[in-house]
Amino acid sequence: MTAITVGEHWIETCDGTLFAQDWLPPSVQGTPIILLHDSLGCVALWRDFPAQLAAATGHRVIAYDRLGFGRSAPHPSVLTRGFVEAQAQQEFAAVLHHLGVDDFIVFGHSVGGGMAIACAAHFAERCRGLITESAQAFVEDLTLHGIRAADVQFAAPGQLVRLTRYHGDKAEWVLRAWVDNWLSPAFADWSLNASLAKVHCPLLCLHGDQDEFGSVAHPRRFITLARGPSVMRLLTGCGHVPHREQPDVVLAEVQRFLG
């Protein structure tokens, strides 16, 4: 792999400190790609993918832990309806400002994909491309079934340790922020329809045909409602984490999209 330089950044916000990393190929080209993690994720759980993405594309790649996750500060409260859309105006905006990023490409996985749509909508004049991976456009029975099953699994003795490795003593908050929000009656009619109508940049939707947390109805909603040129790629034999399950396919699709 091309030699990649990795940097660490600590970003102060009014609610706490964010941790971010960036990956720089030897000869940086194009617009920075900003990664937004999933509901249980963090920078560390992207594993080798950011470096692979930087090497494959030549772009600077940036990822950060949202408040409450990974190496960032604890979240000051609980998440409520609207937390997906609010990411654009809060932590994402702080990352852009601190790292001196003007135009950007945003790449989000799962709920991070929903946040990526909100960022592309809020910063429509600055977003040059949007990539969603296994993202949810609305609350679907399949999504709720997967979350309930995961909640039962994490309740078994020793299972929460899997999250503690990455989130420390914030692990219980991370789990409840995911489960309790999605299963809340107040969240039942949530959707990204309003944000999608404000997206004008090119859009790539990646979705596994075996995704246990969402059907193909989600990427179809994205490409139907977004206003810019859009393409959907359904990945055969792939579940909810394409960048881990089929990294070569994901990298090739991103290269094609950027090219």
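Where both bridge residues fall in the range 5-258, DSSP classifies roughly 40% of the beta bridges as antiparallel. Extension gain for ARG227-GLN210 works out to 3.4 nm (0.36 nm per residue, less the C-alpha to C-alpha distance).
Shown is the FRET efficiency for VAL101 and VAL152, computed with R0 = 45 Å from the Cβ-Cβ distance and rounded to the nearest 0.05: 0.65.
Remark: the range 188-197, residue by residue, has Karplus-estimated 3J(HN,Hα) of 4, 9, 5, 7, 9, 4, 5, 5, 4, 5 Hz, where x stands for each Gly or Pro and the curve is 6.51 cos²θ - 1.76 cosθ + 1.60 at θ = phi - 60°.
Helices from the chain with mean Kyte-Doolittle at least 0.0 and a Cα length along the axis of 20 Å or more, per DSSP H: which? Membrane-span-like by this rule: 141-155. A Förster radius of 41 Å, combined with the Cβ-Cβ distance separating ASP180 from ASP48, puts the computed FRET efficiency at roughly 0.85. Were the residues from SER77 through GLU172 laid out at 0.36 nm apart, the gain over their Cα-Cα distance would be 32.9 nm. Per-residue 3J(HN,Hα) values for the range 202-210, derived from phi via the Karplus relation 6.51 cos²θ - 1.76 cosθ + 1.60 with θ = phi - 60°, read x, 10, 10, 10, 10, 8, x, 6, 10 Hz in sequence order (x marks Gly and Pro). Note on TYR64, TYR166: ascending count of other Cβ atoms within 10 Å places them as TYR166, TYR64, the fewest first.
The slack in the chain from ALA93 to LYS198, taken as 0.36 nm per residue of separation less the alpha-carbon distance, amounts to 36.1 nm. Judged by the gyration tensor of its Cα atoms, with axes a ≥ b ≥ c, the range 184-237 is oblate; a/c meets the 1.5 cut and b/c is at least as large as a/b. For the pair GLU12 and LEU160, label points projected 7 Å from Cα toward Cβ lie 3.3 nm apart. Computed over the chain, the per-residue total of -39500 (n - 2.57) for DSSP H runs of n ≥ 4 gives a 222 nm mean residue ellipticity of -10500 deg cm²/dmol, rounded to 500.
In a simple Cβ point-charge model (Lys, Arg +1; Asp, Glu -1; nothing else charged), the chain has a dipole of about 260 debye relative to its Cα centre.
Computed from the coordinates by the stated procedures, all read-outs in this text should not be read as laboratory data. Bear in mind that the values here come from a model prediction, so they are computed numbers and not experimental data. Using ideal geometry, Cβ is built from the backbone for each residue, glycine included, and neighbour counts are taken over all protein chains shown.
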